[in-house]
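J.: Got a structure for you, written out below as structure tokens; questions coming shortly.
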Amino acid sequence: MLVHGLSDTSFVMKDLAHELRKQCLLVRALLLPGHGTRPKDLVDIEFTDWIEAVDFGVRSLRNDVDQIYIAGFSLGGLLAANALLDHNDLQGAILIAPALGVNAPLLTWNTIWLRYFKDWVDIDPQTEAPRYQSMTTNGIAQTFLMAQHFDDRLRKRIDVPVMLIQSMEDIAIRPDLNLEIFEEHMQHSRSGALVFRGKNTSVNPVPGLSLVESYLPADKNSVFSFEQALWFKRKL
């Protein structure tokens, strides 16, 4: 089960889906409520709607497979981590830059009350399907509330394998917090973290950590997709 991020659609997960299908795995990509239609549909959404959608996706897979794994990007990674607390039959998870904590938390927290007075953080008249170019205040607020919900529930070790993929130069979420949560709560013997170090960042060693030097200007970004594909093939 693949879960996309805020303002995206399931289309963004297609490269990962193709890699998994090559290994003869049944793959389904979930479309979260408020997405894939128009940006304004995120104005009235609640994070519990996203949780319910993921729950439905997991339940639907039970009819077709013996083992269920879940993967998510950003908001989808947060929802995937939360699903591990709700479904004891999940066998593992891939968390790609999960939004377990957001950058500028004070500013983000203000969207909780600001959403009642201001619908939009940014409006872009251009449309680039399938991703929303405009962002609602409520979409950010609900992501922040979802992260708080997960943090409030995380009181014990997650006892299934977790693969964390994270860039230390991520500007939207807190990579340091993701690594802290991974080290404290996701230390199954088969768990691992693939971390892109960046130019001016340091990473504290944690069990299961694999570092990739991501400051390679001559190679641009194509090398990262290739290395991630090799990591998926080796670990799953």
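What follows draws every value from the coordinates through simple rules; no lab data is involved. No experiment lies behind these values; they were computed from the predicted model shown. Note: ideal-geometry Cβ built from the backbone for every residue, glycine included; neighbour counts use all protein chains shown.
J.: Just subtract the alpha-carbon distance of Q187 and I171 from 0.36 nm times their residue separation and send over the number in nm, one decimal.
T.: Using 0.36 nm per residue and subtracting the Cα-Cα distance, I get 3.2 nm.
J.: Another question, then. Could you tell me what fraction of 2.2 N^0.38 Å the Cα radius of gyration of region 1-65 comes to, as a two-decimal ratio?
T.: After normalising by residue count via 2.2 N^0.38 Å, the value is 1.20.
J.: Determine the percent antiparallel among the DSSP beta bridges restricted to the chain, to the nearest 5. Don't skip to the end; give the middle numbers.
T.: Numbers: 4 of 27 bridges.
The antiparallel fraction comes to roughly 15 percent.
J.: Put a dot 7 Å past each Cα toward the Cβ at S210 and F117; how far apart are the dots in nm?
T.: 4.9
J.: Give me the net charge for the shell around A97: Cβ to Cβ below 14 angstrom, other residues only, Lys and Arg +1, Asp and Glu -1.
T.: Value of the local net charge: -3.
J.: To continue, here is another question. Mind giving me the nanometre distance, one decimal, between the label points for N103 and V65, set 7 Å out from Cα along Cα→Cβ?
T.: Rounded to a tenth, the inter-label distance reads 3.2 nm.
J.: Top mean-square fluctuation among K22, K14, K40, Gaussian network model of the chain, C-alpha springs under 10 Å?
T.: Fluctuation is largest for K22.
J.: Turning to a different aspect of this structure: Sticking with the crude label model, points 7 Å out along Cα→Cβ, report the distance from C24 to K199 in nm, one decimal please.
T.: 4.6
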